[in-house]
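What follows is a set of notes on a single structure, which appears directly below.
Each value in this text was obtained by applying a stated rule to the coordinates, not by laboratory testing. What you are looking at is a predicted structure, and each value in this text was computed from that prediction instead of being measured. For neighbour counting, all protein chains shown are included, and Cβ atoms are generated from backbone atoms with ideal geometry for every residue, glycine included.
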Amino acid sequence: MFVEDREALARARDYNVRRREPRYFSSIPVTLERFLRFGPFLTRGVSLDICMRGMSALVCGAPRVGETVVIELTLPGAPVGMLATVRHSNDAKTGFEFYPLSPGAQSGIQDWIKELRKHEEALFPCAYAFPAKVGHD
């Protein structure tokens, strides 16, 4: 594309992501149950990251944005199932937002996140050693 004036190009805005909760990298098996016109359809994948509100995963056959799915995570101890909505989806990864979790699913994910945090603190101790003091001299 030929552009005579550089100012004619729109400037890209800074990309700033602010999440409500931190995401933790996690690679665990995921089973996704989709409800299609011809009936329920199971597909498998692997999680990429997780938090209490949602997760992203690499799944075979990307679901459509807005689709409601049932996700089953194979967590240590017991499998956890939950209902989720697809928020973004492409061939590289799919993002899910959980519906309100059952007490069993909530405690299972919280326990798994605690384990992931311990592992992360062991790998990167400097990030947790000196918390930032805001408003102090």
Q) Give or take rounding to whole Å, what are the principal axis extents of the alpha carbon atoms in region 19-124, in descending order? A) 47, 28, 23
Q: Mind checking the full-extension length gain between E72 and E121? Use 0.36 nm per residue of separation minus the Cα-Cα distance, one decimal, nm.
A: 14.9 nm
Q: With a cut-off of 19 Å, note down the residues of region 107-121 whose backbone N falls inside the zone around a label point 7 Å from the Cα of E33 toward its beta carbon.
A: 108-109
Q | Summed side-chain charge close to E121 - residues other than E121 whose Cβ falls under 14 Å, Lys, Arg +1, Asp, Glu -1 | A | +1
